Amino acid sequence: MTTLDHDWPEPIVRVQSLSESGCPLLPSRYIKPPTDRPSASAVTTALNIPIIDVHAFNLDQPEVRATVLAQVSDACRNWGFFQIVNHGIRPELLDGVRRAWYDFFHLPVESKQGYANNPRTYEGYGSRLGVQKGAILDWSDYFFLHYLPPRLKDHNKWPAHPPSLRDLIEEYGEEVVKLGARLLKLLSLNLGLQQAYLQNAFGGEDVGACLRVNYYPKCPQPDLTLGLSSHSDPGGLTLLLPDDRVAGLQVRKDDNWITVKPARHAIIVNMGDQVQVLSNAIYKSVEHRVIVNSDKERVSLAFFYNPKSNIPIGPIKELVTADKPALYSPMTFDEYRVYIRMRGPQGKSQVESLKSPK
């Protein structure tokens, strides 16, 4: 029996309840060590992650398509993050699904408790990552659900209120899955591969997809904690619908933290650890974290487009050379996901620990 066969190691406290109680001081369980606090590291506000108009890739104009490919290539190699606009998802759908999740998190706590999650499945309403007893916690609640493969999708585990939410999740998921597949084509071409290569490496039509909706309540002492600790995403691609009214996401660039300024109706894309492994670290997953706010709440939707869970993921043979040997041994995404969930967010140490010994 693994640690994940047990329930959470301590009683779960909803961060939203702490926030709404009006406590003037941050409970000690949420106070980060001085080196991990937002004010302890250099933060650059002038820069922003690249913003790319991807509509041009669909046009029958080779020069314009080449420009988009070059912009995506540069962003993947130098940032690991970029925002895309004109991506084809209706603005009304983006606004609607985000608003509906706001409404869910504002339901009475007893209405949400029926969806409470546990470490065995992780699906549902949650307030912590990792199962380490006594861990310092993040200032956030969340809702996690499976979208693909179809056998894991269970509408009964999705919130029934507000009444529009299940239909909105379904439509939004369908659109983001299509967008993820289009992005994998761009990444494949930029790696010098056939455009279907990464999709096939992910499992073809049989990929995984899941949604984590993050709720960051107001925080009495935001300089002492984080909404989400520094980490890289364990999966393939992450497509994030941010709250474009309130900044919160920070991306590590060299030795600085860049606060992302979300463009209106943009989707933020970042490489996950599985893409770093497949590309043999040509593309890198990048550390990121979330800061919180003393007078504004935030909701963001992180949609994870992942490889099929039982396919061994290792460096693509076409990208392994005598000068750049394979950096990683194959591991299935399921094995890696369990490895991550037992430990919680730990910067880039998770994927770096997978590197094959020289």
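Quick notes on this one:
- The chain: relative contact order as a whole-number percent, Cα under 8 Å and 6+ apart: 22
- From the coordinates of this entry, semi-axes √(5λ) of the Cα gyration tensor in Å is computed, and it appears in (1) 97, 18, 16; (2) 37, 26, 18; (3) 31, 23, 22 under the label (3).
- Which of 79, 91, 39, positive extreme of dipole for the range 1-113 (C-beta unit charges): 39
- Charge tally around residue 147: other residues with Cβ under 10 Å, Lys/Arg +1 each, Asp/Glu -1 each, net -1.
- Taking other residues whose beta carbon is less than 15 angstrom from the beta carbon of residue 157, and scoring Lys, Arg as +1 and Asp, Glu as -1, yields +3.
- Backbone HN-Hα couplings from phi across the range 286-298 [Karplus 6.51/-1.76/1.60, Hz, Gly and Pro as x]: 10, 4, 8, 8, 10, 9, 10, 10, 7, 10, 9, 8, 9
- Per-peptide packing, taken as the mean over residues of other Cβ atoms within 10 Å, places 225-232, 142-149 in the sequence 225-232, 142-149 from highest down.
- Built amide H within the under 5 Å cut-off of residue 53, gap 5+: 85
- CD proxy at 222 nm, helix term only [per DSSP H run n ≥ 4: -39500 (n - 2.57); per residue of the chain; nearest 500]: -8000 deg cm²/dmol
- Beyond 32 Å in Cα-Cα separation lie the following of the pairs 133/218; 185/253; 261/324: 261/324.
- Of 256, 129, 194, farthest towards positive along the dipole that unit charges on Lys, Arg, Asp, Glu beta carbons give the chain: 256
- Residues of type aspartates and glutamates that residue 284 reaches as a straight line, Cα spacing below 13 Å, ignoring anything fewer than 8 places off in the same chain: 74, 233, 254, 273, 352
- Considering only 175, 123, 205, the Gaussian network model of the chain with Cα springs below 10 Å gives its largest mean-square fluctuation to 205.
- Projected area, mean over directions - the range 133-213, Cα convex hull, nm²: 8.0
- Span-like helix check, the chain: qualifying full DSSP H segments, with Cα axial length of 18 Å or more and mean Kyte-Doolittle of 0.0 or more, are 165-190.
Read-outs: derived from the displayed coordinates by stated rules, not from any lab. Computed from a predicted structure; not experimentally measured. All Cβ positions, even for glycine, are placed from backbone atoms using ideal geometry, and neighbour counts span all protein chains on display.
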